[in-house]
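Worksheet: the structure to be examined is printed underneath.
The values are calculated or read from the model by the stated rules, or taken from the named source; none is laboratory data. Keep in mind it's a predicted model, so treat the numbers as computed, not measured. For neighbour counting, all protein chains shown are included, and Cβ atoms are generated from backbone atoms with ideal geometry for every residue, glycine included.
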Amino acid sequence: MGMPIVLVHGLRISGSMWRSQVEVLRAQGRQVRAPDLPGHGARRGEAFTLGGAVEAVRDAVDEVGGRALVVGLSLGGFVSIAAAAAYPGRVAGLVATGCSAKPVNALAHMYRIPAALLGRLPDKGLAVNERLHRLRLPAEAAEAVLDGGLAMEAAREVIEEIVAMDALALLASYPHSVWLINGARDHFRIHEKLYLDACVDGRLLVVPRAGHMVSLDQPEAFTTLVADAADLVAARAQWGPTLNALEHPPRTPDSPV
């Protein structure tokens, strides 16, 4: 069975966005969960709070045995970072995708304005967003995203919750392995070096020919990276002292400095 995997979706969309990853990973015999966050998917109508979102991740981890690799994209990446810091005993490893940008007010303001403008439309911008997803994604990926519905009304609450978090401090407090995965064309890469430096045990991977929605732009490559991360986390859980000794052998008087 290996290390279970919990997949955490982005803003306005739902767990359905992970359809491709769920199908492949389950075919490999892995336990996988893709929960909906408060205010999204099957939980539309609920208020979004960061604390409530972290609890949703915790509950999904508990459903697969109490310990898992947690993978989040965009909003899901920020939520996953917060969940890893809150529950390091449950989050055995972290994949934070499309969220390597400090959620400060200047960046958040870029999202407040379009959210306010879309909110004035009769459908809150639903038709515009559906069309954009169909234009920029392959047909199967667009259907996976749209099947869970678009929670247009959730944007303002999410922005205000996420802008208040200190993602770098949360990453620095997390003691386990972190994979920062970004699309080469993702505008949320701007602080990826700072994010990498904040990790106790981190690595940065950039996927060519991918944008912000890297799991949908390059699904096969992304799924392989997630599966590899889950296998490494599982191996470290079983053989931690041995692997650490191989990766960091003790120095002798003749060892190079």
Looking only at helices (runs of 4 or more DSSP H) that lie completely in the range 137-227, which have at least 2 residues being buried (at least 23 other Cβ atoms within 10 Å of the Cβ), more than 14 Å from the chain's Cα centre (by Cα) and in contact (Cβ under 8 Å) with a residue 24 or more places away in the chain?
139-147, 155-163
Only unsatisfied item for G29, checking (1) within 17 Å of V79 (Cα to Cα); (2) modelled with pLDDT of 95 or more, is (1)
G98: passes all of (1) on the phi > 0 side of the Ramachandran plot; (2) surrounded by fewer than 19 Cβ atoms within 10 Å (Cβ to Cβ); (3) not hydroxyl-bearing (S, T, Y) but (2)
Name the single residue, out of those in the range 12-49 being in contact (Cβ under 8 Å) with a residue 24 or more places away in the chain and of a type in the set (K, R), that is surrounded by the fewest Cβ atoms within 10 Å (Cβ to Cβ).
R44
Only one of (1) over 21 Å from A229 (Cα atoms); (2) at pLDDT below 95 does not apply to M213, and that is (1)
Here the residues within the range 50-87 that are of a type outside the set (A, V, I, L, M), touching a residue at least 40 places away in the same chain (Cβ under 8 Å) and either surrounded by 21 or more Cβ atoms within 10 Å (Cβ to Cβ) or more than 17 Å from A234 (Cβ to Cβ) (or both) are G72, S74, G76, G77, F78, S80
Does H9 fit the bill of being touching a helix residue (DSSP H, G or I) at 6+ places or on another chain (Cβ under 9 Å), under 21 Å from A85 (Cβ atoms) and surrounded by 22 or more Cβ atoms within 10 Å (Cβ to Cβ)?
yes
When you go through I190, I181 one by one, which is the residue that is out of contact with any His (no Cβ under 6 Å at 6 or more places or on another chain), at pLDDT 90 or above and within 20 Å of V70 (Cα to Cα)?
I181
For the range 142-174, enumerate the residues that are modelled with pLDDT of 90 or more, in contact with an Asp or Glu (Cβ under 8 Å, 6 or more places away or on another chain) and either among the aliphatic types (A, V, I, L, M) or closer than 30 Å to A235 by Cα (or both).
L146, L150
